[in-house]
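Trainee: Okay, handing you the structure first.
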Amino acid sequence: MLRLGEGGGPVVVVHDQVGCPTYTGHLAVGLLRLIDSGSYGIHHMAAEGSCSWYEFALEIFRQAEVVTRVMASTSDMMERPAKRPANSVLISRRSAPIKLPTWQRGLSDYLARREEPEEEARKKRSSASRRQPMLDLHSPEPEEIDGEEKPEGEEDGKDAA
């Protein structure tokens, strides 16, 4: 989006497809929490909130302070090799799901990391003692994460994910 926006021409984005843009750095922290929890089963983990691709593009340009014209389109108007779902929002049915920050916060954290000087980013990546990204999601106790009891005979750490 940033390359398109800085290209000078208008950016055309669909407004009839909704999802949960999720920053991989936040997802990585959520996955580490899941691994540490010993929980099992299917987990849906995505950023808090949802938006259309059009709304996402507007927010990208707003946060990045890129001035460009953004035009809304429908999926039918855009020629794409594969049909995309109108709604791809992930919702967890667990009583106490692992929650990630909002998609707006994810975008902000991504843009901040993107602007980091390469030397500083390389130092962070080379340090095995640091987990990227440094985000405290106030991890609850493992029993609170999935809200389900394990069936008899299941042992911690041996459950299929």
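The values are calculated or read from the model by the stated rules, or taken from the named source; none is laboratory data. As the structure is a prediction and not an experimental result, all values here were calculated from the model. Every residue, glycine among them, receives a Cβ derived from its backbone with ideal geometry; neighbour counts consider all protein chains shown. To get the accessible areas, we keep the full protein, side chains included, count just its heavy atoms, and leave off ligands, DNA and RNA. Shrake-Rupley method; radii C 1.70, N 1.55, O 1.52, S 1.80 Å.
Trainee: At 1.4 Å probe size, put Met1, Met77, Met45 in order of accessible surface, largest to smallest. Please list the in-between numbers first.
Mentor: Details: Met1 85, Met77 135, Met45 25 Å².
Solvent-accessible surface, decreasing: Met77, Met1, Met45.
Trainee: Would you mind getting the accessible area per residue of the range 9-90, heavy atoms of the protein chains only, 1.4 Å probe, in Å²? Show your work: numbers first, answer last.
Mentor: On the way: 4870 Å² over 82 residues.
For the range 9-90, the solvent-accessible area averages 59 Å² per residue.
Trainee: First select every other residue whose beta carbon is under 13 angstrom from the beta carbon of Arg84; then total the charges, Lys and Arg +1, Asp and Glu -1. Walk me through the numbers on the way to the answer.
Mentor: On the way: positive: Arg80, Lys83; negative: Asp16, Asp76, Glu79.
Overall, the nearby charge balance is -1.
Trainee: Need one number: % antiparallel among DSSP beta bridges in the range 1-105, to the nearest 5.
Mentor: Numbers: 2 of 8 bridges.
Around 25 percent of the beta bridges assigned by DSSP in the range 1-105 are antiparallel ones.
Trainee: While we're here: As a test question: what accessible area, to the nearest 10 Å², does Glu48 have when a 1.4 Å probe is rolled over all protein chains in place?
Mentor: 90
Trainee: If I ignore ligands, DNA and RNA and count only protein heavy atoms, how much of Trp53 is accessible to a 1.4 Å probe, in Å² to the nearest 10?
Mentor: 120
Trainee: Within a Cβ distance under 12 Å of Gly49, other residues only, what is the Lys/Arg minus Asp/Glu net charge?
Mentor: Working: positive: Lys99, Arg105; negative: Glu48, Glu55, Glu59.
Overall, the nearby charge balance is -1.
Trainee: Now for a different question. Rounded to the nearest 10 Å², what accessible area does Phe56 have for a 1.4 Å probe in the complete protein model?
Mentor: About 40 Å², ignoring ligands and nucleic acids.
Trainee: Let me ask something else. Starting from the Kirkwood radius over alpha-carbon pairs of the range 1-48, derive D by Stokes-Einstein at 20 °C in a medium of 1.002 mPa s and give it in µm² s⁻¹. Before the final figure, lay out the partial values.
Mentor: Working: Rh = 13.8 Å.
For these conditions, the coefficient is 155 µm²/s.
Trainee: Share of the range 1-87's accessible area from carbon and sulfur, percent, 1.4 Å?
Mentor: Numbers: 2960 of 5360 Å².
Roughly 55 percent of what the probe reaches on the range 1-87 is carbon or sulfur.
Trainee: Now for a different question. How big is D, in µm² s⁻¹, for the range 30-105 by Stokes-Einstein at 20 °C and 1.002 mPa s if Rh is the Kirkwood radius over C-alpha pairs? List each step's numbers first, then the result.
Mentor: Numbers: Rh = 15.4 Å.
The diffusion coefficient I find is 139 µm²/s.
Trainee: Using heavy-atom solvent-accessible surface (probe 1.4 Å) with all chains present, what is the largest-first order of Asp36, Asp109? Please report the intermediate quantities before stating the final value.
Mentor: Values: Asp36 105, Asp109 45 Å².
From most accessible down to least: Asp36, Asp109.
Trainee: So for the range 20-70, considering every pair of alpha-carbon atoms, how many percent are separated by more than 17 Å?
Mentor: Numbers: 656 of 1275 pairs.
Result for the distance tail: 51 percent.
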